Amino acid sequence: MSGSLSVIGLGPGNPQTLTPEAAAALDSADALYGYGPYLDRVPSRAGQTRHASDNREEGARAAAALRHAAEGARVAMVSGGDPGVFAMAAAVCEQIESGDAAWRQLDVAVVPGVTAMLAVAARVGAPLGHDFCAISLSDNLKPWELIERRLAAAAGAGFVIALYNPISRARPWQLGKAFELLRQHLPASTPVIFGRAIGRPDEKVTVSPLDAVDPSAADMATLIIVGSALTRVIERPGLAPLVYTPRSADGAGT
Ligand SMILES: C[S@@+](CC[C@H](N)C(=O)[O-])C[C@H]1O[C@@H](n2cnc3c(N)ncnc32)[C@H](O)[C@@H]1O
């Protein structure tokens, strides 16, 4: 039997957002690979082996899964959210491009999941209703100067910006610096959404104007959406506000 590797998105955290396609792919695998806390989300099945690794070991994890698949196993690699968004599908492709030539012959499938920016956006309304982009604030794999250039270009061009990986113990100042820079390009009243641990029991969502955001309220489980000059907040007495970006723009001031 020839081996295969499926790279599977688990969604943001709640089992209800796992797609039926992802559930079927998980069930049919002989072996599961992934970051430990993500693997813990997958119910165990008799006869299926589990190979947990640390979150800094993406390249080694991808290579191990590819080696296992090349031996003939049906291997599944799990990823939080969508596997193609700042996640394992690219790590697998990097290994296939640079690794054993036999890995290019494997049956590889990427099974999509609900990515964090969509899960956060859905909690507050429709902040991604007009043009948007996603930027990882992590400067582990790219220089900080490049991140600053991209933030300025995106805000200056009127994109709503989803910020992944906003802060960590090793990267404590970058988010504050990013807000400083964004304030130079966007109105003080621009809505900023912090969505933390969406789909998990400790989920939290807040909306504040750009001039009042507190970077220390974010952690590694937070996804931030910074509105554009078009993004609005609809106040609703007794209910959470709705945040949305209208579908049309006239080009002036955006
Ligand atoms: C390495 S990236 C992985 C993204 C993931 N592949 C996805 O599609 O959502 C990790 C970042 O995603 C965001 N994130 C992942 N799950 C989240 C959740 N349940 N709630 C809020 N943000 C989340 C956070 O910004 C976190 O720092």
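Working with all protein chains in place, sort Y164, Y38 by solvent-accessible area computed with a 1.4 Å probe, largest first. Let's see the in-between values first.
Numbers: Y164 25, Y38 70 Å².
Most to least solvent-accessible, the answer reads Y38, Y164.
Which residues' amide hydrogens lie under 5 Å from the amide hydrogen of V111, considering only partners 5 or more residues apart or on another chain, with H built in the peptide plane?
Close amide H contacts, sequence-distant or interchain: V7, I8, G9.
Each residue of region 115-129 in order: what ³J(HN,Hα) in whole Hz does its phi give by Karplus 6.51 cos²θ - 1.76 cosθ + 1.60, θ = phi - 60°, with x for Gly and Pro?
Values, residue by residue: 7, 4, 5, 6, 5, 5, 4, 5, 5, 10, x, 9, x, 9, x Hz.
Ignoring ligands, DNA and RNA, how do T19, T222 rank by accessible area with a 1.4 Å probe, largest first? Don't jump to the answer; show the numbers that get you there.
Working: T19 40, T222 5 Å².
Accessible-area ranking of T19, T222, largest first: T19, T222.
May I ask what percent, to the nearest 5, of DSSP beta bridges between residues of the chain are antiparallel?
Details: 20 of 46 bridges.
DSSP beta bridges in the chain are roughly 45 percent antiparallel.
Counting only residues 5 or more places away or on other chains, whose amide H sits under 5 Å from the amide H of F86 once H atoms are built in the peptide plane?
Sorted by chain and number, the residues that satisfy this come to none at all.
Residue farthest toward the positive end of the dipole of the chain, with Cβ of Lys/Arg at +1 and Asp/Glu at -1: which of P237, I193, S44?
The residue sitting farthest along the positive end of the dipole is P237.
Find the relative contact order for region 4-114 and round it to a whole percent, using C-alpha pairs within less than 8 Å whose residues are 6+ positions apart.
Details: 214 pairs, mean separation 48.5, N = 111.
In percent, rounded to a whole number, it is 44.
With both partners inside region 125-218, how many of the DSSP beta bridges are antiparallel, as a percent to the nearest 5? Don't skip to the end; give the middle numbers.
Values: 7 of 12 bridges.
Restricted to region 125-218, the bridges split so that about 60 percent are antiparallel.
Amide H to amide H under 5 Å from A126: which residues, 5+ apart in sequence or cross-chain, H placed 1.01 Å off N in plane?
Correct list: V243, Y244, T245.
How do the peptides 200-212, 67-79 rank, highest first, by the average count of neighbouring beta carbon atoms within 10 Å per residue?
On the way: 200-212: 13.8, 67-79: 21.5.
Packing order, densest peptide first, comes out as 67-79, 200-212.
When only Cα pairs under 8 Å and 6 or more residues apart are kept, what is the percent relative contact order across region 117-244?
Normalised by residue count, the contact order of region 117-244 is 31 percent.
What number, rounded to the nearest 500 deg cm²/dmol, is the helix-based mean residue ellipticity at 222 nm of the chain, given -39500 (n - 2.57) per DSSP H run of at least four residues and division by all its residues? Present the calculation step by step, with values, prior to reporting the outcome.
On the way: 7 runs with 68 residues, N = 254.
So the helix-based figure for the chain works out to -8000 deg cm²/dmol.
If you roll a 1.4 Å probe over the chain with all protein chains in place, what percent of the accessible area is carbon or sulfur? Before the final figure, lay out each step's value.
On the way: 6720 of 12600 Å².
Carbon and sulfur together cover 53 percent of it.
Hey, what do the phi angles of region 162-168 turn into as Karplus ³J(HN,Hα) couplings, whole Hz, using 6.51/-1.76/1.60 and θ = phi - 60°, x for Gly and Pro?
8, 9, 8, 6, x, 7, 7
Positive end of the dipole of the chain, charges at C-beta (+1 Lys, Arg; -1 Asp, Glu), about the Cα centre: which of G11, V110, S248 has its Cα farthest in that direction?
The residue sitting most towards the positive pole is S248.
Hey, what do the phi angles of region 172-180 turn into as Karplus ³J(HN,Hα) couplings, whole Hz, using 6.51/-1.76/1.60 and θ = phi - 60°, x for Gly and Pro?
Karplus-based 3J(HN,Hα) across region 172-180 equals x, 9, 4, 5, x, 5, 4, 5, 4 Hz.
The values are calculated or read from the model by the stated rules, or taken from the named source; none is laboratory data. Computed from a predicted structure; not experimentally measured. Here the Cβ is made from the backbone with ideal geometry for all residues, glycine too, and neighbour counts use every protein chain on show. Note: accessible area is taken over every heavy atom of the protein model, side chains too, but ligands, DNA and RNA are not part of it. Shrake-Rupley method; radii C 1.70, N 1.55, O 1.52, S 1.80 Å.
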